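Quick notes on the structure that follows.
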């Protein structure tokens with residue numbers, strides 16, 4: 001999705017106008033945070049691991065389609081649940 005596509009979507013869906021430079025700055029920061037999260041070290045052991053999926057209806061090229069995000073959640077040794085990974089596939 002291009003910066004101009006995001007600009008149009010923000011205006012259409014939320015009724016707000018953002019400059020292309022603001023959108024570019026925001027997407028760069030979000031992308032960097034996502035890369036850092038994906039490259040973080042994982043625990044060597046999870047006591048329990050859950051696999052789950054969430055289905056979203058999204059608009060893609062003028063059509064509404066289903067997209068599923070599959071999550072992997074692990075319970076660490078301190079009893080805290082952590083999302084260890086996710087992947088999305090179109091169904």
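Please treat every number below as a calculation from the coordinates, not as lab data. Quantities reported herein were computed from a predicted structural model and do not represent experimental measurements. Every residue, glycine as well, gets a Cβ built from its backbone with ideal geometry; the counts of neighbours run over all protein chains shown.
Of note:
- Label sites at residue 71 and residue 88, each approximated as a point 7 angstrom past Cα along Cα to Cβ, lie 1.5 nm apart.
- Between residue 9 and residue 37, the C-beta separation translates, for a Förster distance of 30 Å, into a calculated FRET efficiency of about 0.80.
- For the range 1-46, the extents of the C-alpha atoms along the principal axes are 46, 19, 15 Å, listed from largest to smallest.
- Potential lengthening of the chain between residue 58 and residue 17 amounts to 12.6 nm, from the contour at 0.36 nm per residue minus the alpha-carbon distance.
- Going from the fewest other Cβ atoms within 10 Å to the most, the residues 71, 45 appear in the order 45, 71.
- Stretchable slack from residue 1 to residue 49, in nm (0.36 nm times residue separation minus alpha-carbon distance): 14.0 nm
- Against the chain, whose longest principal axis comes from its Cα atoms, helix 20-38 is set at around 10 degrees.
- Square roots of 5 times each gyration tensor eigenvalue, C-alpha, the chain, largest first, Å: 32, 19, 10
- Each stretch of four or more DSSP H residues adds -39500 (n - 2.57); spread over every residue of the chain, this sum gives -9000 deg cm²/dmol at 222 nm.
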